[in-house]
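Working notes, structure below.
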Amino acid sequence: MPRLCWWQFCARSQATDRVALREGATMVQVGTPPVWSRRRVDPAEAPGRTPWRTDHPLLGCDYNPEQWPREVWHEDVRLMREAGVELVAVNVFGWAEIQPAPDRLDFDRLDEVLDLLHEHGIGVNLGTGTASPPPWLTTAYPEVLPVAEDGTTRWPGGRQAWCPSSPVFRELSLALVDAVASRYGQHPGLRLWHVSNELGGHNSLCYCDVSAEAFRRWLRARYGDVAALNEAWGTSFWSQRYGSFEEVLPPRLTLSTPNPGQALDFHRFSSDELLAQHRAEAAAIRARSDVPVTTNLMVTAHQRDMDYWDWAPHLDVIANDHYLDHRLADPAAELAFCADLTRGLAQGRPWILMEHSTGAVNWQPVNIAKQPGELLRSSVAHLARGADALCFFQWRASRQGAEKFHSAMLPHAGTGSATWREVLELGRILRALPDLAGTQVSADVALVFSYENQWAADAPNRPSELVTHLQQVHQAYAALRAAGVGVDVVPPGAPLEDYRLVVVPHLYLVRDTEAAVLQDYVAAGGHVLVTFFSGIVDEDDRVHPGGYPGAFRDLLGVGVEEVHPLPEGVTLRLAGGTGGTVRRWTEQVRLTGARAHRLLGEGPLAGRPAVTVHEHGAGRAWYAAADLDPEAQRALVEEVLAGAGVQPEPGAGPLVEVVRRHAVGPGPDFLFVLNHGDRTVTVPARGTEVCTGTAVDPTLEVPAGAVRIVRLADEEPS
Ligand code: GLA
């Protein structure tokens with residue numbers, strides 16, 4: 001099977017063409033291929049797209065002036081200028097305001113807002129306004145409303161109550177986009193188009209009859225005939241064979257486990273349907289305006305339904321929304337993973353943090369306020385990992401509505417608050433970094449992450465519900481971050497030759513072509529660390545023949561006779577003097593070329609390998625066949641990194657992030673140090689520290705909880 005290069009990889013994912021590109025099918029190239037390289041990419045290298053550029057990092061926000069009387073708008077722009085706000089998203093939820101009735105458009109207030117922002121030198125990030133249909137629309141066309149898995153309608157009254165496959169919604173939303181783009185496409189204040197809002201945030205999976213018909217169309221295009229669908233879904237099981245596409249439904253609520261192939265394809269279809277909405281809105285805009293177009297993605301732990309590797313090539317600039325999630329074990333590590341993944345989606349180019357919060361959100365069970373300094377730490381964490389704009393939701397805290405207890409740049413407490421002071425401080429830091437924009441992050445380690453894997457690996461009836469895909473990805477990422485190395489997040493099948501080490505956590509679903517990329521990489525001298533239950537199924541969720549770990553058996557030099565997940569709360573000691581335990585997962589490993597590196601010390605598999613290493617070609621393939629505890633995982637990662645010759649950033653560790661942004665061409669590099677701990681840390685650096693304006697040579701002191709950014713002198717101390 002020939003290897004896919006990156007542009008082919010992107011082309012595979014073009015929504016309407018994915019169907020022609022199942023493994024073994026004909027490759028179709030769509031548009032001009034984006035150029036992918038992890039290092040020093042010229043931002044202008046984005047053929048076929050309108051590149052977004054800024055010559056200095058921007059501070060921005062969502063602004064909802066329709067919630068406020070006009071007098072407040074004037075105070076708002078004055079304070080925005082005081083804070084240094086330069087990019088303001090408006091009209092995101094504007095539909096009911098600008099089209100109050102089917103036959104009436106009213107742009108008066110939006111005209112005024114755009115002109116006011118522009119007069120004050122504030123750039124506009126203009127929402128198409130299609131995020132949420134107005135009540136007149138869903139009253140006149142109730143068929144637009146989404147339907148849940150159990151057949152119940154999701155009613156208007158909240159937001160995003162529309163079916164992604166609805167032709168009625170598509171037509172009316174595009175008419176609105178055309179009206180907005182015609183009116184403002186040439187507005188001098190316009191800097192960016194903001195399609196919809198968090199597409200799929202609430203309505204990603206719709207099971208209505210319209211969706212069912214669209215799903216059937218999508219399946220026809222993917223499989224051609226129903227026999228191929230039957231083959232892919234394995235419908236000879238449980239009497240599920242289809243006689244025609246007309247018999248196929250979305251995976252609506254069933255009495256027992258639904259067909260896994262059907263569920264997997266429904267995820268792919270649903271992601272494609274929402275991407276199609278983005279593409280349709282973007283096309284309507286591009287017919288009227290040359291300003292770059294994006295939509296705000298949700299690269300977060302709780303977004304599982306959109307495959308953003310497919311979406312990324314369709315955005316002129318990658319934009320992400322990220323909120324610290326206090327339901328997770330390590331919210332700061334998850335932030336860092338998401339920022340690195342966002343940079344991966346941007347193919348290394350600078351990206352926009354379209355939303356984050358100054359303090360608490362309002363949608364977690366307990367909404368934790370940020371500690372002093374935490375606003376700066378979380379904002380600068382995104383900046384360090386490649387963001388060229390930092391925007392908040394939202395500018396002014398609402399007095400009414402569902403989000404009145406969500407933090408804002410201007411909180412209910414007003415400008416006398418610590419939040420406002422930290423916002424001003426962030427603005428001041430950004431203004432002191434004009435030459436940061438366009439600099440890029442590079443890493444020696446790649447971590448493979450796939451949305452499809454979440455869908456397939458976390459499906460019901462797997463060996464253990466205690467293991468989830470993202471949990472394993474987060475664990476691997478946290479170990480790398482704690483070891484102080486930078487990580488690029490890449491999709492399966494991406495070119496790997498620039499990396500010293502590739503980490504492949506729990507990659508359950510793997511195409512032969514993707515496994516071949518990894519195999520060739522190691523044969524040519526690369527190092528990989530694969531973790532348990534990887535390489536198990538193909539793109540149809542069909543088990544790779546010959547025993548586990550399927551597609552990676554030869555690469556890893558092991559065979560797994562049976563997996564042995566552990567009950568909740570059970571841990572088993574690893575053998576040997578270095579300690580460590582495993583939990584949740586073990587495997588009955590047979591060595592077929594690899595050697596054992598760590599053995600299980602107790603339990604039914606005592607004496608069997610828990611970690612193996614295989615010299616394969618000129619490279620090395622490690623396999624963690626058990627779920628190691630965080631300390632054991634970190635120790636393993638450090639050993640693997642050392643073997644691959646990856647150097648940690650001096651001073652970096654679990655509580656101290658050290659990240660570099662490199663100049664593309666002439667210009668300084670920048671060193672970011674974020675101290676999440678409770679004592680001062682020291683790292684080697686030479687240059688000028690931007691937050692304090694002091695010279696640094698040969699070391700930088702970073703107080704507990706602080707961030708420091710050094711504009712590095714040409715020669716660093718070695
Ligand atoms: C999302 C949405 C915003 C707002 C925030 C609150 O990011 O895009 O409209 O609801 O969440 O955290």
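Within segment 401-423, residues that are within 16 Å of K370 (Cβ to Cβ) and within 16 Å of the ligand (Cβ to nearest atom) sit with their Cβ atoms under 7 Å from residues that are not hydrophobic (A, V, I, L, M, F, W, C) and not in a loop (DSSP other than H, G, I, E, B), at 6+ positions apart or across chains, in these pairs: S407/T419; A408/R396; L410/R396; P411/T419. Screening G677 against (1) surrounded by 18 or more Cβ atoms within 10 Å (Cβ to Cβ); (2) in a loop (DSSP other than H, G, I, E, B); (3) out of contact with any Gly (no Cβ under 6 Å at 6 or more places or on another chain) leaves a single unmet condition, (1). For segment 129-144, a residue qualifies if it is assigned to a loop (DSSP other than H, G, I, E, B) and open to solvent by 10 Å² or more (accessible area, probe 1.4 Å), and the qualifying residues are S132, P133, Y141. Taking the numbered list (1) of a type outside the set (G, A, S); (2) more than 30 Å from G261 (Cα to Cα); (3) out of contact with any helix residue (DSSP H, G or I) (no Cβ under 9 Å at 6 or more places or on another chain) in turn, T592 passes all entries but (3).
Exactly one residue out of A685, A642 is open to solvent by 50 Å² or more (accessible area, probe 1.4 Å) and either closer than 21 Å to A478 by Cα or modelled with pLDDT of 95 or more (or both), and it is A642.
Quick check, is R377 surrounded by fewer than 24 Cβ atoms within 10 Å (Cβ to Cβ) and in contact (Cβ under 8 Å) with a residue 12 or more places away in the chain? Yes, satisfied.
Exactly one condition in (1) within 16 Å of the ligand (Cβ to nearest atom); (2) within 10 Å of the chain's Cα centre (by Cα) is false for G344; which is it? G344 satisfies every listed condition except (1).
Among the residues of segment 304-341, those that are in contact with a Pro (Cβ under 7 Å, 6 or more places away or on another chain), away from the ligand (no atom under 16 Å from the Cβ) and either part of a strand (DSSP E or B) or more than 26 Å from A456 (Cβ to Cβ) (or both) comprise D316, V317. Residue pairs whose Cβ atoms lie under 9 Å apart, sitting 6 or more positions apart in sequence or on different chains, and linking a residue in segment 517-534 that is under 17 Å from A625 (Cβ atoms) to a partner that is assigned to a loop (DSSP other than H, G, I, E, B) and of a type in the set (F, W, Y), are F533/Y508; S534/Y508. Suppose we filter segment 401-418 for residues that are among the hydroxyl-bearing types (S, T, Y), assigned to a helix (DSSP H, G or I) and either within 14 Å of N362 (Cα to Cα) or open to solvent by less than 40 Å² (accessible area, probe 1.4 Å) (or both); how many remain? Residues that pass the stated criteria total 0. The residue that is farthest from E119 (Cα to Cα), counting only those in segment 52-94 that are more than 16 Å from the ligand (Cβ to nearest atom) and among the β-branched types (V, I, T), is T54. The residues on offer are Q647, Q633, and the sole one that is at pLDDT 95 or above, closer than 30 Å to F532 by Cβ and outside any helix (DSSP H, G or I) is Q647. Would you pick out the residues in segment 385-400 that are open to solvent by less than 10 Å² (accessible area, probe 1.4 Å) and either more than 14 Å from the ligand (Cβ to nearest atom) or within 18 Å of V702 (Cα to Cα) (or both)? Answer for segment 385-400, where residues must be open to solvent by less than 10 Å² (accessible area, probe 1.4 Å) and either more than 14 Å from the ligand (Cβ to nearest atom) or within 18 Å of V702 (Cα to Cα) (or both): G386, A387, D388, A389, L390. When each of V210, V195 is tested for being within 16 Å of the ligand (Cβ to nearest atom) and either β-branched (V, I, T) or out of contact with any helix residue (DSSP H, G or I) (no Cβ under 8 Å at 6 or more places or on another chain) (or both), the lone residue that passes is V195.
What's the total number of residues in segment 589-607 that are open to solvent by 60 Å² or more (accessible area, probe 1.4 Å) and in a strand (DSSP E or B)? Summing the residues that are open to solvent by 60 Å² or more (accessible area, probe 1.4 Å) and in a strand (DSSP E or B) in segment 589-607 gives 4. The condition (being among the β-branched types (V, I, T), open to solvent by less than 10 Å² (accessible area, probe 1.4 Å) and under 28 Å from D538 (Cβ atoms)) is satisfied by just one residue among V293, V299: V299.
Of the residues examined, H382 is not one that is open to solvent by less than 20 Å² (accessible area, probe 1.4 Å) and without any contact (Cβ under 8 Å) to a residue 60 or more places away in the chain.
Where in segment 469-535 are there strands (runs of 3 or more DSSP E), lying fully within it, with 1 or more residues that are over 29 Å from R661 (Cβ atoms)? By residue number, 527-531.
Counting only residues that are within 16 Å of the ligand (Cβ to nearest atom) and not hydrophobic (A, V, I, L, M, F, W, C), segment 144-165 holds 4 of them. Among the residues making up segment 59-74, none is buried (at least 24 other Cβ atoms within 10 Å of the Cβ) and free of Cβ contacts under 8 Å to residues at least 40 places away in the same chain. Checked against the criterion of being hydroxyl-bearing (S, T, Y) and either part of a loop (DSSP other than H, G, I, E, B) or under 26 Å from the mean Cα position of the chain (by Cα) (or both), the candidates T692, T682 yield just one match: T692. Residues that are farther than 28 Å from R154 by Cβ, surrounded by 13 or more Cβ atoms within 10 Å (Cβ to Cβ) and of a type in the set (D, E, K, R) within segment 204-250 comprise E231, R241, listed in sequence order.
The values are calculated or read from the model by the stated rules, or taken from the named source; none is laboratory data. Note that the structure is predicted; figures quoted are calculated from it, not measured. Using ideal geometry, Cβ is built from the backbone for each residue, glycine included, and neighbour counts are taken over all protein chains shown. For the accessible areas, the whole protein counts, side chains as well, though only heavy atoms, and no ligand, DNA or RNA atoms are used. Shrake-Rupley method; radii C 1.70, N 1.55, O 1.52, S 1.80 Å.
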